[in-house]
1. How big is the dipole moment of the chain about its Cα centre under a simple scheme where the beta carbon of each Lys and Arg is +1, that of each Asp and Glu is -1, and everything else is neutral? Debye, nearest 20, please.
2. I'd like the distance separating the alpha-carbon centroids of the stretch 1-54 and the stretch 111-178, in whole Å.
3. Arrange the residues VAL26, VAL214 by how much accessible surface each exposes, largest first, with a 1.4 angstrom probe.
4. Just need the relative contact order of the stretch 1-116 here, percent rounded to a whole number, with Cα pairs under 8 Å and 6+ apart.
5. Under the definition of Cα pairs under 8 Å and six or more residues apart, what whole-number percent is the relative contact order of the chain?
6. Run the 1.4 Å probe and let me know the accessible area of LEU77, rounded to the nearest 10 Å².
7. Please report the equivalent ellipsoid semi-axes of the stretch 10-54, computed as sqrt(5 x eigenvalue) of the Cα gyration tensor, largest first, in whole Å.
8. Dipole of the stretch 160-286, Cα-centred, from +1 at each Lys and Arg C-beta and -1 at each Asp and Glu C-beta, to the nearest 20 debye?
Amino acid sequence: MAVHAHPDDESSKGAATMARYASEGVDVLVVTCTGGERGSILNPKMDRPDILENIAEVRRLEMDRAREILGVRQRFLGFVDSGLPEDETEPLPEGCFALQPLETASAPLVAAVREFRPHVILTYDDNGGYPHPDHIMTNRVSVEAFEAAGDPDRYPEAGEPWTPLKLYYHMSFSKQRFEALHEAMTARGIGSPYADWIARWEDRPEKWDVTTRVPCADFFETRDRALIAHATQVDPDGFWFVCPREIQMEVWPTEDFHLARSLVDTATPEDDLFAGVHAEAPTACS
């Protein structure tokens, strides 16, 4: 189960990993906390009145196309996008996802965990990967659901208890990765867009180490098609696709994660999200 804040987040974080596991027969569910209703239109080709007037429905249709491309299942939790304030002192919209009480925001995710019964959950770190209020709340509800879903005394109305075994944070947006891509592009005489990104990391040490690198280069093309399906958010001529795919496959052929919680024995570094997970392992609360 991959828990994300908005439509398109699943295609920019961990998409190739999900597509790889889905191709191997793993049942993969994307849970999208909000509808992305307040997301800006980042693709100038889609910045049209008819899109703006129907943005919620358009983003749902985009999500459905991306889901099909990745070969996964998907459900919305039904919360309203909080938007990204330009000024951190600006109040968030009343009723939005990020302002929900933790138990209110977590209850439908706990129910989804108990129904879907995942062994592994993917989410963002405690800063949301970047400090968008919905991403931070997504981390909070994911941790809450991971810890509560197996406890019959918590969220008793949310179904039969189920205990997931591993919780991971996405780590693919790392300084090390962008430095490697920047150096490879520069060495080949290709202009790199990553210098500014790398500079921003100088005064922001990474809090979480990479414990798990999942080989998934064969699914980068699938990832890119899923990204492009989110046409309001992703410009096919834009930043996401500046680095040639063949360089990415050669230089950094993995998607990376931090193992934040584990109820099974596993040794890091890992190359498999299911390392230590066995069919005979206890997965439900007794």
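The values are calculated or read from the model by the stated rules, or taken from the named source; none is laboratory data. Just so you know, these numbers come straight off a predicted model, no measurement behind them. Using ideal geometry, Cβ is built from the backbone for each residue, glycine included, and neighbour counts are taken over all protein chains shown. Quick note on the areas: whole protein, heavy atoms, side chains included, nothing else; ligands and nucleic acids left out. Shrake-Rupley method; radii C 1.70, N 1.55, O 1.52, S 1.80 Å.
1. 460 debye
2. 17 Å
3. VAL26, VAL214
4. 29 percent
5. Computed over the chain, the figure is 24 percent.
6. Its heavy atoms expose roughly 30 Å² to the probe.
7. In descending order, the three semi-axes are 30, 12, 9 Å.
8. So the dipole magnitude of the stretch 160-286 works out to roughly 240 debye.
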